[in-house]
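The values are calculated or read from the model by the stated rules, or taken from the named source; none is laboratory data. Keep in mind that this is a model prediction, so the values were computed, not measured. Counting neighbours? That spans all protein chains shown, and the Cβs are built from the backbone with ideal geometry, glycine included. In case anyone asks, the SASA skips ligands and DNA or RNA and just uses the protein heavy atoms, side chains included. Shrake-Rupley method; radii C 1.70, N 1.55, O 1.52, S 1.80 Å.
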Amino acid sequence: MNLNASMKYTYISRLACGTFVIMMILLACVEPTEERQPVRKPITKVKKNEQVIVIRPLGRVDMKKVAVVKARLDNIFDSVVVRRPEQIPSRFYYRPRSRYRGDSIISWLAKEVRPGEVHLGITGFPISVTNKKLNIVDYGVFGWGYKWDLKNKRGSQTSVVSDFLLKRKDLLYIIAEHELGHNFGLDHCPTAGCYMMAGNGKERTASMKGFCRRCKGTLVKQGWRL
């Protein structure tokens, strides 16, 4: 190696070494930044003033029937999603009557409701509630749902339905719309044939033709397409 080449090699080596030292000094002077947390996307994207119906299959359930209910609700709401099947907590099982407590189920469902969502549980297991009017501790029902306080805009918008007691299991969607009606502020309706008729221990589903004018008007104001 000649002298010029040797001097050039030494110069480049010193320059690289100096650059490395400067970079390390600069890095040492920079304050550490906080570790970025991963962005968690919501389960459902809610548009302004849009209600999302979240269907939650529970325990033993026929997913074909769930699909029928979803298809009906798709005609009414802008967004209907179906979650993966879940097990009903064993603590809700009422062993003396071999059925699950519907009132406990809807309280459990309410813990995961996000703003703009209404949760509807669907199961094939029998469900029951405490009927204070009839003074019955364990009263079998087709469905059960919280009534939304329309005036004060508060309450839990959750409900659960079961086809276990239904003779016409293809009409489960009527029970679903009935309970969702409660979730949107409706009481039981005295009008014959209205979806909001009270069952009173009898299966009247086949005689229900749709929401009456009064109930329909209340729901349409809240965005239902009826």
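Kindly indicate whether LYS216 is out of contact with any Ser or Thr (no Cβ under 8 Å at 6 or more places or on another chain), modelled with pLDDT of 95 or more and closer than 21 Å to ASN75 by Cα.
Numbers: out of contact with any Ser or Thr (no Cβ under 8 Å at 6 or more places or on another chain): yes; modelled with pLDDT of 95 or more: yes; closer than 21 Å to ASN75 by Cα: yes.
Answer is yes for this residue.
Quick one: which residue in GLY217, GLY140, GLY145, GLY181 is more than 23 Å from PRO89 (Cα to Cα) and touching a strand residue (DSSP E or B) at 6+ places or on another chain (Cβ under 9 Å)? Can you show your working first?
Numbers: GLY217 fails: touching a strand residue (DSSP E or B) at 6+ places or on another chain (Cβ under 9 Å); GLY140 fails: more than 23 Å from PRO89 (Cα to Cα); GLY145 fails: more than 23 Å from PRO89 (Cα to Cα).
Going through GLY217, GLY140, GLY145, GLY181 in turn, the sole match is GLY181.
Checking GLY201 against (1) at negative phi; (2) modelled with pLDDT under 95, only one condition comes out false. Which one?
For GLY201, the exception is condition (1).
Counting only residues that are of a type in the set (Lys, Arg) and within 30 Å of GLN51 (Cα to Cα), which one in segment 78-107 is least open to solvent (accessible area, probe 1.4 Å)?
Of segment 78-107, the ones of a type in the set (Lys, Arg) are 83-84, 91, 95, 97, 99, 101.
Narrowing further to those that are within 30 Å of GLN51 (Cα to Cα): 83-84, 101.
On the way: ARG83: 48, ARG84: 206, ARG101: 33 Å².
Out of the qualifying residues, it is ARG101.
Could you tell me whether segment 175-183 includes any residue that is loosely packed, with under 14 Cβ neighbours inside 10 Å and charged (D, E, K, R)?
Of all residues in segment 175-183, those loosely packed, with under 14 Cβ neighbours inside 10 Å come to none.
No, there is no match, as no residue in segment 175-183 is loosely packed, with under 14 Cβ neighbours inside 10 Å and charged (D, E, K, R).
Quick one: would you say THR158 is within 15 Å of ARG72 (Cβ to Cβ) and β-branched (Val, Ile, Thr)? Break it down stepwise before answering.
Values: within 15 Å of ARG72 (Cβ to Cβ): no; β-branched (Val, Ile, Thr): yes.
So THR158 fails the test.
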